[in-house]
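Just below is one structure, and these are the notes that go with it.
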Amino acid sequence: YCDEKHIVSNAFRQILLFNKNTGSFEKELGVRDKSPTGYAFTLGCIAFDEKNKIIYAADWNRNYIGYNFNGEITKSIKLPHKYISSAGIVNDSVFAGYISGYIKHEEIKIINFRKNGEVIKIFPNNLPYGNIDGSFMYSAY
């Protein structure tokens with residue numbers, strides 16, 4: 001991800017900020033640990049809010065936290081469902097969460113919600129994995 005001044009590199013366990021003009025390393029944003037400002041893992045989804053210049057990671061409570069380019073947490077997003085595998089920014093106050101088909105008989109496919117976790121709308125899963133025995137859900141926690 002990049003803007004006019006920076007390049008942000010987002011890997012599984014680190015978020016690195018570089019100067020776009022020189023390519024020089026500037027700082028690591030956040031850190032993977034269990035401190036109040038730490039994260040559990042970075043995200044490939046919803047990772048960068050270009051408008052507000054916030055990069056997201058997942059905290060240890062399965063919610064999203066957003067770091068500004070100074071490394072400060074400036075946004076917290078409560079996920080309304082424990083199996084949201086990715087999410088996107090609809091606008092400054094609404095997010096869309098996608099629930100993968102890993103869970104047998106899951107009735108929800110997409111959830112629109114606010115940053116406090118309030119559900120706005122649910123879109124049903126019209127093709128649940130009802131005929132597959134067992135289920136699989138990868139967790140990095």
Kindly indicate the residue of segment 86-122 that is surrounded by fewer than 14 Cβ atoms within 10 Å (Cβ to Cβ) and farther than 15 Å from residue 49 by Cβ and also nearest to the chain's Cα centre (by Cα) among those meeting that condition. 116
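Every residue, every condition in (1) basic (Lys, Arg); (2) closer than 21 Å to residue 85 by Cβ; (3) touching a Phe, Trp or Tyr at 6+ places or on another chain (Cβ under 7 Å), yes or no:
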site	(1), (2), (3)
7	no, no, yes
25	no, no, yes
28	no, no, no
38	no, no, no
48	no, yes, yes
51	yes, no, no
57	no, yes, yes
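Among the residues of segment 22-42, which ones are free of Cβ contacts under 8 Å to residues at least 40 places away in the same chain and either in contact with a Gly (Cβ under 8 Å, 6 or more places away or on another chain) or open to solvent by less than 70 Å² (accessible area, probe 1.4 Å) (or both)? Walk me through it before giving the result.
Keep residues of segment 22-42 that are free of Cβ contacts under 8 Å to residues at least 40 places away in the same chain, which gives 22-26, 31-39, 42.
Selection gives 23, 24, 31, 32, 33, 35, 37, 38, 39, 42.
Considering each residue of segment 20-33, count those that are charged (D, E, K, R), in a loop (DSSP other than H, G, I, E, B) and farther than 13 Å from residue 57 by Cβ, and give that number. Lay out the reasoning, then the answer.
So the first thing to find is which residues in segment 20-33 are charged (D, E, K, R), and the list is 20, 26-28, 32-33.
With in a loop (DSSP other than H, G, I, E, B) added as a condition, the list becomes 20, 32-33.
Among the residues that remain, those that are also farther than 13 Å from residue 57 by Cβ are: 20.
Count: 1.
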Restricting attention to segment 45-58, does a residue exist that is surrounded by 15 or more Cβ atoms within 10 Å (Cβ to Cβ), touching a residue at least 40 places away in the same chain (Cβ under 8 Å) and polar (S, T, N, Q)? no
Give just the number: which of (1) among the hydroxyl-bearing types (Ser, Thr, Tyr); (2) modelled with pLDDT of 90 or more; (3) open to solvent by 80 Å² or more (accessible area, probe 1.4 Å) does residue 76 not satisfy? (3)
List every residue pair whose Cβ atoms lie under 8 Å apart, where the two residues are 6 or more positions apart in sequence or sit on different chains, the first residue falls within segment 79-98 and is within 15 Å of residue 116 (Cβ to Cβ), and the second residue, located anywhere, is of a type in the set (A, V, I, L, M) and open to solvent by 40 Å² or more (accessible area, probe 1.4 Å). 80/119; 94/120; 95/89; 97/110
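The values are calculated or read from the model by the stated rules, or taken from the named source; none is laboratory data. As the structure is a computational prediction, the values presented were derived from the model and not from experiment. Ideal geometry is used to build each Cβ from the backbone, glycine not excepted, and the neighbour counts take in all protein chains shown. The protein model used for the area step is the full one, side chains on, heavy atoms only, and it has no ligands, DNA or RNA in it. Shrake-Rupley method; radii C 1.70, N 1.55, O 1.52, S 1.80 Å.
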